[in-house]
Amino acid sequence: MSVFNGARFLRPAVDSILSQTLDDFEFIVVDDGSTDETARILEEYEDPRIILQRNEKNLGLAQSLNRGVSLAQADLIARQDSDDISHPERLNALVSFLDRNPETGVVGSAVQWIDEESRSDKVWPQGLDNQEIQQLLLRTCPLIHGSTAYRNYVSTMLVVTTPGWSRARITTFGCAYQRYGTWSVCLRSFTGTGNMRAWLLSNMRPNNRSLRVPAFSML
């Protein structure tokens, strides 16, 4: 998880990971040069599963995610943003899905938007299996970025240079967060992709009620 001046929603985001029913994980958090209360909040946690890194200056999402992925020791990597809340069963569900589908390199899920008045709206993923997702890539991006998990080996498969970003490993989903074209190249570079119908993630950005949009628009 990369965070920049995300103190407002940071505690529930971190707590949702530390409260997972699957507890065998490392939680890599990169503070991307925050100037608000982010650093203080993160330092209050004493959970040994948290691996905290701090950038001396703001490097942006792509480079911060690349830094986090470079530290990952596990075979599976799950993404979450600092304004997301993971369902307690999220990691367990993702691991189970990838164990049952060894050909799958990356998987996403449905997401629930929550606004400041606690109103909610669910966004269902477009395309469930690899064939549907590959077809959808012709016109849209079928994965919701913050909901994804992928196998560690994927992060070493492809390196690209995208205008506006420094050279970055695409499969950290840093460049892909802003560039549909980069997502397209990424998802076509390995054989298995998938989406789960299950709602495993909530996003807490303000005014989310107005974001009744297809999945690709938030990437």
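When the residues of region 94-111 are filtered to those that are closer than 18 Å to residue 13 by Cβ and out of contact with any Pro (no Cβ under 7 Å at 6 or more places or on another chain), the one that is surrounded by the most Cβ atoms within 10 Å (Cβ to Cβ) is 94. Residue pairs, Cβ under 9 Å, 6 or more apart or interchain, first in region 117-140 and within 17 Å of residue 97 (Cα to Cα) and surrounded by 19 or more Cβ atoms within 10 Å (Cβ to Cβ), second of a type in the set (Gly, Ala, Ser) and at pLDDT below 70. List them. If the second residue must be of a type in the set (Gly, Ala, Ser) and at pLDDT below 70, the pairs left are 125/215.
For region 44-67, filtered to residues that are outside any strand (DSSP E or B) and hydrophobic (A, V, I, L, M, F, W, C), the residue that is surrounded by the fewest Cβ atoms within 10 Å (Cβ to Cβ) is 59. Of the strands (runs of 3 or more DSSP E) entirely within region 68-170, those holding at least 1 residues that are under 28 Å from residue 53 (Cβ atoms), among the basic types (Lys, Arg) and modelled with pLDDT of 85 or more occupy 149-151. Residues in region 15-43 that are under 18 Å from the mean Cα position of the chain (by Cα) and not in a helix (DSSP H, G or I): 19, 20, 22, 25, 26, 27, 28, 29, 30, 31, 32. In region 44-57, the count of residues that are modelled with pLDDT of 95 or more, within 24 Å of residue 75 (Cβ to Cβ) and under 15 Å from the mean Cα position of the chain (by Cα) is zero.
The values are calculated or read from the model by the stated rules, or taken from the named source; none is laboratory data. Note that the coordinates shown come from a computational prediction; the quantities given were computed from them, not determined experimentally. Cβ atoms come from the backbone with ideal geometry, glycine included; neighbour counts cover every protein chain shown.
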